[in-house]
Amino acid sequence: MSYIIAEPCVSVCDTACVDVCPVDCIHGPIDKEGRGEEVKGMSDEDKNGKQLYIDPDECIDCGACEPECPVQAIFEESEVPSEWKDFVKKNYDFFGR
Ligand code: SF4
Ligand code: SF4
C-alpha cells in the first residue's frame with residue numbers, strides 16, 4: 001500500500017508535501033527522482049495539467065504528507081475517492097511499477 005496523489009494536485013504542484021516526506025519518495029511532474037525540484041522553474045502555464053506522484057515502492061505509509069497538501073490531494077491508497085481511483089494507477093505508472 002501507498003499514499004496516492006489525486007486530481008486536486010493537477011496544475012497546482014505546490015510541493016509542500018515533498019519537504020515533509022521522510023523517505024523522499026514524492027517526485028515529478030517530470031523527473032522521477034527529482035523531488036519536484038523542476039517545479040521551481042515552472043510558470044503557472046508550465047504546471048498546467050501536471051502533478052506530482054508518490055513512489056508506491058518507497059512510501060512507508062507514514063501519512064506525514066497528507067495534512068501538508070493545501071488542496072487535499074493526498075489519500076491513503078484504499079481511501080482515494082471513487083471519482084479519482086484512476087490516480088492510483090497513474091501514481092504507479094509514473095514510476096513504472
Ligand atoms: S500533492 Fe498537494 S502538496 Fe503535494 S505537490 Fe500536489 S498540491 Fe502540492
Ligand atoms: S505517506 Fe509518508 S512516506 Fe508516503 S509519501 Fe507521504 S510522507 Fe512520504
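The values are calculated or read from the model by the stated rules, or taken from the named source; none is laboratory data. Only a predicted model underlies this, so the values are computations on that prediction, with no experimental measurement involved. Quick reminder, even Gly has a Cβ in these numbers, built from the backbone with ideal geometry, and neighbours come from all protein chains shown. Protein only, heavy atoms only, side chains kept; ligands, DNA and RNA dropped before computing areas. Shrake-Rupley method; radii C 1.70, N 1.55, O 1.52, S 1.80 Å.
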So Cys9 clears everything in (1) over 8 Å from the mean Cα position of the chain (by Cα); (2) more than 17 Å from Arg97 (Cβ to Cβ); (3) open to solvent by less than 20 Å² (accessible area, probe 1.4 Å) except one condition, right? Which one? (1)
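Quick one: would you say Asp44 is within 9 Å of the chain's Cα centre (by Cα) and either at pLDDT 95 or above or away from ligand 1 (no atom under 11 Å from the Cβ) (or both)?
Working: within 9 Å of the chain's Cα centre (by Cα): no; either at pLDDT 95 or above or away from ligand 1 (no atom under 11 Å from the Cβ) (or both): yes.
No.
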Top-ranked residue in the stretch 20-39 [being under 17 Å from Cys69 (Cα atoms) and of a type in the set (D, E, K, R); ranked as surrounded by the most Cβ atoms within 10 Å (Cβ to Cβ)]: Arg35
Filtering the stretch 45-70 down to residues that are more than 14 Å from ligand 2 (Cβ to nearest atom), open to solvent by 60 Å² or more (accessible area, probe 1.4 Å) and either in contact (Cβ under 8 Å) with a residue 24 or more places away in the chain or on the phi > 0 side of the Ramachandran plot (or both) yields Asn48, Lys50, Pro70
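Given the options Ser78, Ser2, name the one that is more than 13 Å from ligand 1 (Cβ to nearest atom), small (Gly, Ala, Ser) and in contact with a helix residue (DSSP H, G or I) (Cβ under 6 Å, 6 or more places away or on another chain).
On the way: Ser78 fails: in contact with a helix residue (DSSP H, G or I) (Cβ under 6 Å, 6 or more places away or on another chain).
Every option except Ser2 fails the conditions.
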